[in-house]
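What follows is a short report on a single structure.
The values are calculated or read from the model by the stated rules, or taken from the named source; none is laboratory data. Predicted, not measured: the structure shown is a model, and the values here were computed from it. All Cβ positions, glycine included, derive from the backbone under ideal geometry; neighbour counts span all protein chains shown. Note: areas computed on protein heavy atoms with side chains; ligands, DNA, RNA excluded. Shrake-Rupley method; radii C 1.70, N 1.55, O 1.52, S 1.80 Å.
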Amino acid sequence: MTKTPSLPIRFAILGAGRMGAEHGLALVSLPDVQVVAVADPIEDAALRLAQLTRAARTYADPHDAIHDPQVQAVIIVTPTGTHAALIEAAANAGKAIFCEKPVATDLAETERVMKIVQERGVPFQIGFNRRYDAAYLQAKERILAGEVGQIEQFSATGRDPAPPPLEYLKGSGGVFLDQSIHDLDAARFLVGEVREVIAVGTVKVDRAIGEIGDVDTTSVILMFENGAQGVVQNSRRAVYGYDVRTEVFGSGGKLVMDATPRTALMRYGENVSMDHFYFFMDRFKDAYRAEIAAFVRALSEGRPPTPGPHDALESLRLALACTRSLKEGRAVRVQDVQVEPQGVGG
């Protein structure tokens, strides 16, 4: 049973970038929540977010915020390479943890840190925000209610308007861990575990992405444990803006989570136009708020948050299976992606 913290639940935000601000605004909009500290090595950024969230203290080192005796829970939105160490420190300090994906870019470190989280018994939630988007939530409910019958096919498309900076991509773990993982987690959430994958990828957008050993245009075939089939396609470029859509097809019909217009208005003239979301943070703004609200609600009710350690580990394993399939040019069984004995302990 998860220990229920005293109210108000006192948070530290680790990382004062755009996601730190997004989650900070979500926190201050909730009752029985207080942001008491912000940590970021860039002083001006930390001070701006502290002012926005009415936090009393700022720290340059996130470990200092974790060990602040007033802090009961942390929101980790620091660079990917720092996540595992901060999760470990927070778990050892007995603090509840919300962390943006991924925990780490390798399975051994993720498995090691998630084991510490579970041994310490601290609440943990990984940031797969689509699970809290209204359309995806309703789709899950309708699937469980049997409205689509036996699921036979799944498809997902995710295209960003433009690639992230090259320096970011160098530490991202590759396109499957950084971009595709959201669609892969949606596949697990809506359909179930994946047995096997076949991945292909090329460089169509930016030659520099290929020079760092990554690709920017990918397609993945999924074979689910329950017999369903799936396809996930991703691209780092969509000139018209952020493009995300998902479909679940079954013996009783289908559910479609389509590209959502910013406003429910389309103009018809010589050309047809609509107000299209250009960036993922705009498209999923409500989902970001909802996932933080769900995390706080789970803490206040003494329930384990979701998605938790299992989803952090298994969605990473699936993304790594796609990476291996691309590199080796063959189908890969997801459960064959395991920690090598010498990797245990990190």
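Below is a table of values for the structure above.
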{"read-out": "Residue count for the range 150-193, restricted to those that are closer than 22 Å to Ile221 by Cβ and open to solvent by 10 Å² or more (accessible area, probe 1.4 Å)", "value": "18"}
{"read-out": "Number of positions in the range 214-249 that are within 23 Å of Pro261 (Cβ to Cβ), assigned to a loop (DSSP other than H, G, I, E, B) and open to solvent by less than 10 Å² (accessible area, probe 1.4 Å)", "value": "3"}
{"read-out": "Filter result (more than 15 Å from Gly81 (Cβ to Cβ) and small (Gly, Ala, Ser)) within the range 150-178", "value": "Ser155, Ala156, Gly158, Ala162"}
{"read-out": "Options Asp160, Asp133: the member that is touching a Lys or Arg at 6+ places or on another chain (Cβ under 9 Å), more than 27 Å from Ser251 (Cβ to Cβ) and modelled with pLDDT under 95", "value": "Asp160"}
{"read-out": "Residue match in the range 202-213 (condition: open to solvent by 10 Å² or more (accessible area, probe 1.4 Å) and touching a Leu at 6+ places or on another chain (Cβ under 7 Å))", "value": "yes"}
